[in-house]
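Following: one structure in structure tokens, then a few remarks.
What follows draws every value from the coordinates through simple rules; no lab data is involved. Just so it is clear, the structure is predicted and the values come from calculations on it, not from any experiment. Cβ: placed from backbone, ideal geometry, glycine included. Neighbour counts: every protein chain shown.
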Ligand code: GLV
Ligand code: MG
């Protein structure tokens, strides 16, 4: 998970040392959500946290203001010249096309040279404009700095003029309704009770983002889920993204850290099943029947994805290593 915090807020800054070890990525947010009159304080807070915190193996990112804002240049300058080597990735919002990434790439190179930074900063773009979605393939390959993409459902909905007022998730009006039953006279009873199925507003965009990221060899993330109290729907949204190929999501509240951790780590039963299929498939070719189901070269590849992810996660998390039965090994066997 990418855990957001507002660095302008002193109380939030003071919680950073406790939160950092509990998340994969900690992100100092300078953009939306930070009031205009707190932009300078947020930038100063980013520098303070970057220079004062031992992040261990947790990554430290920042989301700067958009390229068309009056704050972006100062944000990027402070991020490179003042935040030091602590920063791993810069998240760029409202990316419209490869030209935005080219600009950021050049600017970062100039600032890195000035700062004598040892490692290049990576770039994570938010997909949150219609034009950005139309150009997603080019955005993904616009620079070797590209680390990944996040879906920004709130800005994307506004930019597309979708008629929603939420931050991510579904909408009760976006649905499919069961056909009407026929009455005694054979006529359709349109007022009879009928089951409705709410549909996923984000399916197309997530699937397109995942294809573009996989093609470019970078990582797709779902973004924010704004209804903090509705932990159930948040879990559903995160799981849809996980099943479609995303590697993570943003957490906006500590409650969402646990949800992301649970959802984006394969279920131990699924890992055990995948291991069984891999074992039964021998050299991985041909077709077999296992529990009445056909398994072949393609299904065993899916199993390798699940087990490979479980192993990667187990290397960082002994509790997960135990749950997957990798404990006592190096997590790699
Ligand atoms: C995130 O930035 C969003 O707009 O959803
Ligand atoms: Mg946004």
Which FRET efficiency value, to the nearest 0.05, is calculated for residue 32 and residue 231 with the Förster distance at 35 angstrom and r the Cβ-Cβ distance?
-> 0.95
In nm, the gap between the two label points placed 7 Å beyond Cα toward Cβ at residue 18 and residue 317 is 2.1 nm
If each of residue 81 and residue 198 carries a label point 7 Å out from its Cα toward its Cβ, how far apart are those two points in nm?
-> 4.8 nm
Relative contact order of segment 268-323 (C-alpha contacts under 8 Å, at least 6 apart) in percent is 32 percent
In whole angstrom, the spacing between the Cα centers of segment 14-73 and segment 308-328 equals 30 Å
Percent RCO, i.e. relative contact order, over the chain, from Cα pairs under 8 Å lying at least 6 residues apart = 11 percent
For a footprinting-style exposure proxy, rank 60, 197, 55, 221 by other Cβ within 10 Å, fewest first.
-> 197, 55, 60, 221
List, largest first, the extents of the alpha carbons of the chain along their principal axes, each in whole Å.
-> 75, 57, 38
Shape call for segment 91-221 from the C-alpha gyration tensor, a ≥ b ≥ c root eigenvalues: rounded (a/c under 1.5), prolate (a/b greater than b/c) or oblate?
-> prolate
What is segment 126-192's relative contact order, in percent, from Cα pairs under 8 angstrom and six or more apart in sequence?
-> 26 percent
Using alpha carbons only, how many degrees (0 to 90, rounded to 10) separate the axis of helix 10-19 from the longest principal axis of the chain?
-> 60 degrees
With each label point set 7 Å from Cα along the Cα-Cβ vector, what nm distance links residue 296 and residue 73?
-> 6.0 nm
Among 146, 12, what is the fewest-to-most ranking by other Cβ atoms within 10 Å?
-> 12, 146
If the chain between residue 270 and residue 189 were fully extended at 0.36 nm per residue, the gain over the current Cα-Cα distance would be 24.8 nm
In degrees rounded to 10, the 0-90 angle between helix 268-280 Cα long axis and the longest Cα principal axis of the chain is 70 degrees
Relative to the chain, whose Cα atoms define the longest principal axis, helix 203-216 and its Cα axis are tilted in degrees, nearest 10, by 60 degrees
